[in-house]
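Student: Once you've had a glance at the structure underneath, I'll fire off some questions.
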Amino acid sequence: MSDHLDDRLAAKPVSRTRETLQTLMANKLAVAGLIALTILVFVGIFGETIAPYGINEIDIPNRLTGPSGTHWFGTDDLGRDVFSRVIVAARVSLQVGFIAVGFALVVGVPIGLVAGYYRGGIDSFLMRMMDVLFSFPAILLAIAILAVLGPGVGNAMIAIGLVYTPIFARITRGSVLVVSEEVYVRAARSIGAGNRRIIARHILPNVMAPIIVQTTLSLAFAILSEAALSFLGLGVQPPNPAWGRMLAEGRNFFQQAPWMGIFPGLAILVTVMAFNFVGDGLRDALDPKQKSVIESRGQSV
Amino acid sequence: MSGFLVRRILQMLLALLGVSIVVFALMHLVPGDPVRVALGTRFDQDLYDALRERVGLDKPLIQQYFSWLGSAITGDLGVSFRNGQPVTTLIMERLPATITLALAALFIALVVALPAGIISAVRSGTGLDYTVSAASQVGISMPDFWAGVMYILLFSLTLGWLPSSGFAPFGDGIVEWARHLILPALTIGLISGSIITRFVRSAVLEALNQDYVLTARAKGLSEWQVVRRHVLPNAWIPIVTVVGLQLGFLLGGVVVTEVIFAWPGLGRLALTAVKDRDFTVLQGAVLYIAFMFLAINLIVDIIYARLDPRVRVS
């Protein structure tokens, strides 16, 4: 009986989805961001097939040649096609972004749920731990973690994921504190629903909006962080292409071949902007009260 | 106010204790013997024994932590695994360069963001507002290392106006000092400025929509008098907060920027230490930057509480 009643009390987020999509689609910047992201994901999946040249196809006689019909973004110091490398590098950037933010979600959201729901000692303990992680500039913490784990793309994902965990824990906890005072939560408790059930069926669906927005914005800055780490030589290792790494490799040739750095940088800029546009659009549609992209970047680099 | 101050300082000390544990753990989480890893191919038994004894690696972990913490409080952060120099000396040599860069970047950020944000809000919905918003959106999404490299390409390699790297001490003359400082400070200053611009715009817009602004306008004050006397005093609180947050961001930003411009600061020291596996230097640099980060947050909170009494109570 109580289970049946509890089911009826549970949140029904389905009807909101259409409303959210309509608001999102009315936002031109968000639509532009969505289109750019769709292209990016397509490029990320089929990059190696689309790329006109192999990413490590060395062609010394044609090294450092400028953009042309045969090499749209020019060639690098080894004669490799910059366009092909920029396209293929999209995959690793997106992979690092999604896996690192996925890690932060999987660790941060449960911490926030437990801290916000149970409060008291466990809340203080968990949030003080998160405060410690917040006490470091993000990129410095990622560098320090990579000093322990060693450079590499897998470790960069863990480092960025750890850096972003406290953001998700804080946002989730803040929302849980508000939601757990709502009438439907008290009603569920009064009919005997257990804590786990209340968290899973009543709290979590109602704190998803800020988490979804934060996920999109964090993806942008996780990609930015990966590029910075690869630029510093701590992320993706050669000969695999990564936007940050390509920029670092091009530095010595900038006077002769500025395209080696301009195009990978533009790729990062466009990707980050696309995620920001979608994130800002989602925020307006789902959770207008939440602070925007700017706060995320304050914690990002 | 004093109760708030005590509470806030206690919170910072607690966070610092946590930071110290994380920083201490850095060296001990490295797989294998950190001294052996650090020495690598330069392995020498006497040097190895001396460093191990200096770091106290043969003692129990808890004892090592408290002995390290005790020394760190008195300013002794051990010696570099690489060259045997005291870590505190290495840090103190580089601290002024990092602080100079962070403050110069903040100066640029404010010079850009305050007028841009205020004008954008006052002229909200006009072409000027859209231009400022678009520029700040680009700035927010811009990778700092790319911006730095592009500035070098334009202002150093193409136009030849400014040096592409290095640091000139103030003693060499203010012109040389400034010439070396401009590009690295622009690199992080403009990105930070883009973020602050959006905050200033929204804070001013919010204040512009208040009833007292309507009253001021009804009294016949000019738009700029309204902004100066009624809007800005009320928009300061969120602006101070974001400026403080940005100082923390700048401390992170200097790490990458120092590498691009061969700027002899703490960030570059930390990164070199990572590559050299020089864990004592890395610990010291990370500890100092985190300490500055927490101290800035504390100062911002105190200013915030002075400006807005509600904060002290909450």
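The values are calculated or read from the model by the stated rules, or taken from the named source; none is laboratory data. Every value quoted in this text rests on a predicted model; they were computed, and no experiment measured them. In this analysis, Cβ positions are derived from the backbone assuming ideal geometry, glycine residues included, and neighbour counts consider all displayed protein chains. Note: accessible area is taken over every heavy atom of the protein model, side chains too, but ligands, DNA and RNA are not part of it. Shrake-Rupley method; radii C 1.70, N 1.55, O 1.52, S 1.80 Å.
Student: Condition (residue is closer than 30 Å to A:Asn195 by Cβ, in a helix (DSSP H, G or I) and modelled with pLDDT under 90) applied to segment A:27-41: is it met by at least one residue? Can you show your working first?
Tutor: Pass one, segment A:27-41, residues closer than 30 Å to A:Asn195 by Cβ: none.
No - not one qualifying residue is present in segment A:27-41.
Student: Output the residue which, of all residues in segment B:131-163 that are crowded, with 17+ Cβ neighbours inside 10 Å and free of Cβ contacts under 8 Å to residues at least 24 places away in the same chain, is nearest to A:Phe275 (Cα to Cα).
Tutor: This residue is B:Ser141.
Student: Go through segment B:25-52 and give me each residue that's assigned to a helix (DSSP H, G or I), over 32 Å from the mean Cα position of the chain (by Cα) and within 14 Å of chain A (Cβ to nearest Cβ).
Tutor: B:Gly40
Student: Tell me the helices (runs of 4 or more DSSP H) entirely within segment B:219-314 that contain at least 1 residues that are open to solvent by 20 Å² or more (accessible area, probe 1.4 Å) and β-branched (Val, Ile, Thr).
Tutor: Numbers: elements: B:223-226, B:232-260, B:266-276, B:279-307, B:309-313.
It comes to B:232-260, B:266-276, B:279-307, B:309-313.
Student: Give me the helices (runs of 4 or more DSSP H) completely within segment A:169-260, filtered to those with at least 1 residues that are of a type in the set (Lys, Arg) and crowded, with 23+ Cβ neighbours inside 10 Å, ordered by residue number. Quick ask: steps written out before the conclusion?
Tutor: Values: elements: A:183-190, A:195-198, A:204-231, A:243-250.
Filter on segment A:169-260 gives A:243-250.
Student: Okay, next question. Kindly check whether there is at least one residue in segment B:274-290 that is within 15 Å of the chain's Cα centre (by Cα), among the hydroxyl-bearing types (Ser, Thr, Tyr) and under 30 Å from B:Gly56 (Cα atoms).
Tutor: yes
Student: Something else now. Looking only at residues in segment A:130-145 that are within 7 Å of chain B (Cβ to nearest Cβ) and in a helix (DSSP H, G or I), which one is nearest to B:Leu245 (Cα to Cα)?
Tutor: The first filter runs over segment A:130-145 and keeps only residues within 7 Å of chain B (Cβ to nearest Cβ), leaving A:131-132, A:135-140, A:143-144.
Next cut, in a helix (DSSP H, G or I) only: A:131-132, A:138-140, A:143-144.
Working: A:Asp131: 15, A:Val132: 16, A:Ala138: 12, A:Ile139: 15, A:Leu140: 16, A:Ile143: 20, A:Ala144: 21 Å.
Filtering segment A:130-145 for residues that are within 7 Å of chain B (Cβ to nearest Cβ) and in a helix (DSSP H, G or I), the one nearest to B:Leu245 (Cα to Cα) comes out as A:Ala138.
Student: Count, please, the residues in segment B:144-171 that happen to be out of contact with any His (no Cβ under 9 Å at 6 or more places or on another chain) and more than 14 Å from every other protein chain (Cβ to nearest Cβ).
Tutor: Total meeting the criteria: 4.
Student: Just one of the numbered conditions (1) in contact (Cβ under 8 Å) with a residue 40 or more places away in the chain; (2) part of a helix (DSSP H, G or I); (3) crowded, with 16+ Cβ neighbours inside 10 Å; (4) not aromatic (Phe, Trp, Tyr) is not true of B:Gly18; which one?
Tutor: Failing condition for B:Gly18: (1).
Student: Within segment A:42-57, count every residue that is part of a loop (DSSP other than H, G, I, E, B), of a type outside the set (Gly, Ala, Ser) and surrounded by 13 or more Cβ atoms within 10 Å (Cβ to Cβ). Step through it out loud before you land on a result.
Tutor: We begin by selecting, within segment A:42-57, every residue part of a loop (DSSP other than H, G, I, E, B); these are A:51-57.
When the remaining residues are screened for being of a type outside the set (Gly, Ala, Ser), the result is A:52-53, A:55-57.
Subsequent filtering for residues that are surrounded by 13 or more Cβ atoms within 10 Å (Cβ to Cβ) retains A:53, A:55-57.
Matching residues across segment A:42-57 total 4.
Student: Just checking, which of B:Thr280, B:Thr272 is without any contact (Cβ under 8 Å) to a residue 24 or more places away in the chain, more than 9 Å from chain A (Cβ to nearest Cβ) and under 27 Å from B:Gly78 (Cα atoms)?
Tutor: Only one candidate passes the filter, namely B:Thr272.
Student: Please work out which one of (1) of a type in the set (S, T, N, Q); (2) open to solvent by 10 Å² or more (accessible area, probe 1.4 Å); (3) within 19 Å of A:Leu229 (Cβ to Cβ) is the condition A:Ser124 fails and give its number.
Tutor: The one condition A:Ser124 does not meet is (3).
Student: Look through A:Pro67, A:Pro110 and report the one residue that is away from every other protein chain (no Cβ under 14 Å), at pLDDT 90 or above and under 24 Å from A:Arg251 (Cα atoms). Even if it seems obvious, please write down each step before you answer.
Tutor: Working: A:Pro110 fails: under 24 Å from A:Arg251 (Cα atoms).
The unique qualifying residue is A:Pro67.
Student: Has segment A:216-233 got at least one residue that is free of Cβ contacts under 8 Å to residues at least 24 places away in the same chain and away from chain B (no Cβ under 11 Å)?
Tutor: Taking segment A:216-233 and keeping what is free of Cβ contacts under 8 Å to residues at least 24 places away in the same chain, we get A:231.
With the extra rule that they be away from chain B (no Cβ under 11 Å), the set shrinks to none.
The answer is no, given that none of the residues of segment A:216-233 is free of Cβ contacts under 8 Å to residues at least 24 places away in the same chain and away from chain B (no Cβ under 11 Å).
Student: Sticking with this structure for a sec: Here is a list of conditions, (1) more than 8 Å from chain A (Cβ to nearest Cβ); (2) under 16 Å from A:Met129 (Cβ atoms), and B:Leu16 meets all of them except one; can you say which number that is?
Tutor: (1)
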